[in-house]
Amino acid sequence: MKFVALVNGVPASGKSALARALADRTGWPLFVLDTVKEALFAHLGVGDRLHNRRFGQASYQAIFAVIGDWPAGSVAIVDAWFGFQPEETLRAHLARAGVDRVAQLWCAAPPEVIGARYLARLAGRAAGHLGAEYAPELIELAKRARPIENFATLTIDTTMAGEITPVVDWVLAQRGRSAP
């Protein structure tokens, strides 16, 4: 079967930096939801919040469809906020893709830090993402967001500059275990 490391957390929680560091150390392919979504924005246009959400859902489905085409034994890292859709959607995508082992890296930071990070990166974001008006909602979301239950989970405080080696070691250990 297949193994996927889910790098999960609300927007601006530090997922992409962690996912990139993990990919750099392991050599595993990295899928970033925003990369796929931004390609859709570039070719199909930007729109309102519902449009953004639909592109997020399409990107999510596309990532797992590609993983589904890979041979047994494949490994991938997926960087996304997995709480924007029902948990059952993720579980269905994993099942269709033939993923039988999952490790979740939960990226956490204080809600106010997440809000400030979100605002700081707006100038460099591709058109189509939500703007500054989303920051207060994001701060509230960060207060209640939680990792997906029943996956092996390692919580990472992304405000602390940390060594990636313990994270890599943990993910490698999870790769050798069966799914819950």
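The values are calculated or read from the model by the stated rules, or taken from the named source; none is laboratory data. This one's a predicted model, so the numbers in the text were calculated from it and none came from an experiment. A quick note on method: Cβ atoms are made from the backbone with ideal geometry, for glycine too, and the neighbour counts reach across all protein chains shown.
Key figures for this structure:
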item: Residue in the range 75-82 that is modelled with pLDDT under 95, surrounded by 14 or more Cβ atoms within 10 Å (Cβ to Cβ), over 14 Å from the mean Cα position of the chain (by Cα) and outside any helix (DSSP H, G or I) present; result: no
item: Close pairs (8 angstrom Cβ cut-off, 6 or more residues apart or separate chains): closer than 13 Å to Phe82 by Cβ in the range 136-150, aromatic (Phe, Trp, Tyr) and part of a loop (DSSP other than H, G, I, E, B) anywhere; result: Ile148/Phe82
item: The listed residue being crowded, with 20+ Cβ neighbours inside 10 Å and in contact with a helix residue (DSSP H, G or I) (Cβ under 9 Å, 6 or more places away or on another chain), out of Ala126, Ala103; result: Ala103
item: Only listed residue being within 20 Å of Ala97 (Cβ to Cβ) and in a strand (DSSP E or B), chosen from Val36, Val4; result: Val4
item: Residue within the range 43-61 that is under 19 Å from Gln104 (Cβ atoms) and in contact with a strand residue (DSSP E or B) (Cβ under 6 Å, 6 or more places away or on another chain) present; result: no
item: Qualifying residue in the range 40-48 (condition: of a type in the set (A, V, I, L, M, F, W, C), more than 25 Å from Met1 (Cβ to Cβ) and crowded, with 16+ Cβ neighbours inside 10 Å); result: yes
item: Where a residue in the range 1-28 is over 20 Å from Glu112 (Cβ atoms) and its partner, wherever it lies, is modelled with pLDDT of 95 or more and of a type in the set (Ser, Thr, Tyr), with Cβ under 6 Å and at least six apart; result: Lys2/Ser74
item: Filter result (buried (at least 18 other Cβ atoms within 10 Å of the Cβ), farther than 24 Å from Asp69 by Cα and not polar (S, T, N, Q)) within the range 1-39; result: Gly9, Val10, Pro11, Ala12, Gly14, Lys15, Leu18
